[in-house]
Amino acid sequence: MPLTLPQRWAHAWGQALDRVLLVTRGDVTVRFQGDELLETTEAIAGELASQGVGPRDRVVWEASTSGDAIVTALAIIRLGAVLVPVATFQSDLERQRVIDDVTPVIVVAEKRTGVAEQYRHRAQGRVGIVESPVHLDQAQGDHLAMIMYTSGTTGLPKGAMISHENLRAQADMIIGSWEVSPEDRLLSALPLFHVHGLVVGLMISLAAGAGVVVMERFEADGFADLMTEEAITTSYVVPTMLQRLGERGRLSALSPLRLVVSGSAALSTAMFEDVERASRQRILERYGMTETLLTVSNPLHGQRRSGTVGRAFPGVELELPEKGGEAELRVKSPTVFAGYWKRPEATAEVLSDGWMRSGDIVRVDEAGYVVVCGRSKELIISGGFNVYPTEIEDLLRGRGGIEDVAVVGIASERWGEEVVAYVVGEDFAEDVVRRELEALASPYKRPQQYRRVAQLPRNALGKLQRHLITDA
Ligand code: MCA
Ligand code: AMP
């Protein structure tokens with residue numbers, strides 16, 4: 001039987017009892033050796049169990065990048081409970097929507113007035129039924145490992161159910177294709193409430209026996225300094241991070257690494273070339289989605305083609321257009337998710353017979369590599385974060401004199417795309433809207449610009465035609 005991710009962690013940590021495998025770099029530096037990871041995750045799993053959390057229970061976890069938070073997430077998975085990450089900086093409204101949808105047994109979060117508190121003690125009735133000692137790493141492949149919330153086109157959050165088998169298959173693809181090994185030390189400054197930072201970076205590196213250095217909050221100079229300070233060999237980034245390193249003249253810090261991987265948003269050919277010029281690194285760009293995990297990648301050995309995301313990982317089938325054509329990419333893979341939590345209709349819209357509709361329009365270049373050239377879904381990607389226009393429009397409509405509104409993405413050197421709201425309303429008061437939105441939406445979702453227009457393009461059925469919006 002192939003090992004699950006938690007089984008691989010336990011094995012890898014047991015092989016490296018006195019080696020530092022996890023480092024968190026923030027105001028303080030915390031280092032965990034293999035033996036400490038084993039002991040701490042076991043102790044936290046025991047503590048959770050004593051609070052009534054058992055295998056297959058859902059646990060909402062505030063995805064802070066601190067050492068405490070990380071070992072807690074690992075413990076939740078080792079216990080066989082289902083990890084449901086939420087962001088530290090999200091609004092109470094956003095968090096409450098997730099909690100209401102997923103109905104967790106417990107919320108593990110920093111003390112925060114309001115939302116999480118009322119759920120903290122929900123598990124109380126179950127205290128005392130803990131088996132002792134707790135059994136770790138027992139989850140089966142078809143058990144859920146995590147539920148990852150994405151906003152989706154309706155504006156309401158949907159939880160993507162990711163199984164242990166999905167994680168195992170993804171680990172095989174990444175460890176095999178990128179040759180992740182115990183010799184590696186990954187530097188990650190990615191948030192941990194998304195697949196990129198949490199699964200691809202943290203969890204799979206640990207499963208390979210590699211060391212992981214987590215920078216608690218990205219900052220370009222500090223990130224560059226850590227390369228040598230922590231003897232880093234690999235790093236996974238979003239394009240905005242490379243752009244920031246470039247602004248600070250620090251791209252050369254990438255030189256000593258054996259591998260730099262970029263994803264979550266398109267990497268421009270100009271940035272690919274800037275990095276190569278400054279550091280001799282040819283960035284390995286790859287592609288994925290929360291619902292499919294990573295499925296397409298440029299090769300470790302062989303040609304890495306800028307402007308492309310590469311080819312299918314082993315075990316992944318892609319439905320691709322003919323040469324010269326463009327079409328929506330569909331993906332079949334052991335990493336494709338099990339559907340959206342309690343949303344059979346939403347699941348059926350994107351998933352049939354194991355094939356996942358990506359909503360991304362692709363073409364195939366002359367070497368057979370996939371090029372992402374557009375989207376059929378209404379999505380803005382800002383700095384690697386997804387923003388769904390309808391979610392923000394629903395929050396804005398009727399607020400601060402807004403009569404009608406359309407949220408669109410405009411090209412931005414800094415963020416890839418920037419969120420802009422086109423507003424209709426004689427009495428529109430931008431300062432009021434900005435202030436009110438602070439309490440409702442995560443910072444990255446809030447429009448960076450508001451532009452007044454006389455009217456918005458709508459079709460005969462009244463549907464907003466966002467693609468027709470211009471400043472004219
Ligand atoms: C931060 N801000 C943003 C963004 N990030 N605004 C728009 N777009 C963003 N991406 C806000 C901050 O909250 C702050 O707001 C203001 O901008 C300035 O913050 P700054 O310090 O300049 O930015 P930062 O905090 O350094 O963030 C930049 C970042 C971050 C580190 C590049 O955007 C980031 O972590 N991106 C990674 C996203 C990611 O991991 N995506 C994976 C999902 P205020 O001033 O109001 O406080 S996709 C996925 O998982 C799939 C599987 C895949 O393919 O990978
Ligand atoms: P998420 O739903 O947060 O997992 O984001 C998935 C989406 O990010 C994909 O459907 C793509 O639109 C986008 N994406 C991920 N990687 C890349 C990439 N390398 N190039 C272009 N778009 C990407």
Are any of the residues in segment 195-213 within 16 Å of ligand 1 (Cβ to nearest atom) and surrounded by fewer than 21 Cβ atoms within 10 Å (Cβ to Cβ)?
-> no
Quick check: anything in segment 295-316 under 23 Å from I204 (Cα atoms), among the hydroxyl-bearing types (S, T, Y) and touching a Ser or Thr at 6+ places or on another chain (Cβ under 7 Å)?
-> yes
Which of the residues belonging to segment 364-381 are away from ligand 1 (no atom under 15 Å from the Cβ) and assigned to a strand (DSSP E or B)?
-> V364, V371, C373, G374
Can you name the residue in segment 306-324 that is surrounded by fewer than 21 Cβ atoms within 10 Å (Cβ to Cβ) and touching a residue at least 60 places away in the same chain (Cβ under 8 Å) and, of all such residues, is farthest from R277 (Cα to Cα)?
-> G315
Taking the condition more than 12 Å from ligand 2 (Cβ to nearest atom), modelled with pLDDT of 95 or more and either buried (at least 19 other Cβ atoms within 10 Å of the Cβ) or not polar (S, T, N, Q) (or both), does R286 pass?
-> no
Would a scan of segment 346-363 turn up a residue that is more than 21 Å from the chain's Cα centre (by Cα), away from ligand 1 (no atom under 16 Å from the Cβ) and surrounded by 21 or more Cβ atoms within 10 Å (Cβ to Cβ)?
-> no
Segment 284-313, residues that are more than 14 Å from ligand 1 (Cβ to nearest atom) and of a type outside the set (S, T, N, Q) | P299, L300, H301, G302, R304, R305, G307, R311, A312
Report those helices (runs of 4 or more DSSP H) wholly inside segment 164-238 carrying at least 3 residues which are farther than 29 Å from A81 by Cβ.
-> 220-229
Which fully enclosed strands (runs of 3 or more DSSP E) of segment 287-339 have 2 or more residues being closer than 22 Å to L144 by Cβ?
-> 293-297, 327-332
With A338, A327, A367, A348 as the choices, which residue is among the aliphatic types (A, V, I, L, M), free of Cβ contacts under 8 Å to residues at least 12 places away in the same chain and farther than 24 Å from R258 by Cα?
-> A348
For segment 232-256, name all the residues that are of a type in the set (A, V, I, L, M) and within 16 Å of ligand 2 (Cβ to nearest atom).
-> V237, V238, M241, L242
Given (1) in contact with a strand residue (DSSP E or B) (Cβ under 6 Å, 6 or more places away or on another chain); (2) within 16 Å of ligand 2 (Cβ to nearest atom); (3) more than 20 Å from A87 (Cα to Cα), where does A411 come up short, assuming only one miss?
-> (1)
Tally the residues that are away from ligand 1 (no atom under 16 Å from the Cβ) and among the β-branched types (V, I, T), restricting the search to segment 261-283.
-> 1
For segment 138-147, enumerate the residues that are assigned to a strand (DSSP E or B) and buried (at least 24 other Cβ atoms within 10 Å of the Cβ).
-> A145, M146, I147
Which residue, of V370, V420, is touching a Lys or Arg at 6+ places or on another chain (Cβ under 8 Å), within 23 Å of L190 (Cβ to Cβ) and of a type in the set (V, I, T)?
-> V370
Using the structure shown, decide if G176 is modelled with pLDDT under 95, surrounded by fewer than 21 Cβ atoms within 10 Å (Cβ to Cβ), farther than 21 Å from S252 by Cα and not polar (S, T, N, Q).
-> no
Matching entry among V433, V423, V405 (being crowded, with 19+ Cβ neighbours inside 10 Å, part of a helix (DSSP H, G or I) and away from ligand 2 (no atom under 16 Å from the Cβ)) | V433
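Yes/no per residue for (1) within 14 Å of ligand 1 (Cβ to nearest atom); (2) closer than 28 Å to R330 by Cβ; (3) aromatic (F, W, Y):
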| residue | (1), (2), (3) |
| --- | --- |
| T390 | no, yes, no |
| R399 | no, no, no |
| A421 | yes, no, no |
| E430 | no, no, no |
If you check every pair at least six apart or on different chains, which have Cβ atoms under 8 Å apart with a residue in segment 215-234 that is touching a residue at least 12 places away in the same chain (Cβ under 8 Å) first and a residue that is part of a helix (DSSP H, G or I) and exposed (fewer than 13 other Cβ atoms within 10 Å of the Cβ) second?
-> A220/E247
Could we say that Y450 is among the hydroxyl-bearing types (S, T, Y), touching a helix residue (DSSP H, G or I) at 6+ places or on another chain (Cβ under 9 Å) and not in a loop (DSSP other than H, G, I, E, B) here?
-> yes
V364 of a type in the set (A, V, I, L, M) and more than 30 Å from V433 (Cα to Cα) = yes
Consider only pairs whose beta carbons are under 6 Å apart and that are at least six residues apart or on different chains; among these, list those whose first residue lies in segment 379-397 and is under 17 Å from S262 (Cβ atoms) and whose second residue is of a type in the set (V, I, T) and modelled with pLDDT of 95 or more.
-> S382/V419; G383/T240; G384/V238
Consider only pairs whose beta carbons are under 6 Å apart and that are at least six residues apart or on different chains; among these, list those whose first residue lies in segment 88-111 and is under 14 Å from A63 (Cα atoms) and crowded, with 19+ Cβ neighbours inside 10 Å and whose second residue is among the aromatic types (F, W, Y) and modelled with pLDDT under 90.
-> V107/Y119
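The values are calculated or read from the model by the stated rules, or taken from the named source; none is laboratory data. Because the structure is a prediction, the values reported are computed rather than measured. For neighbour counting, all protein chains shown are included, and Cβ atoms are generated from backbone atoms with ideal geometry for every residue, glycine included.
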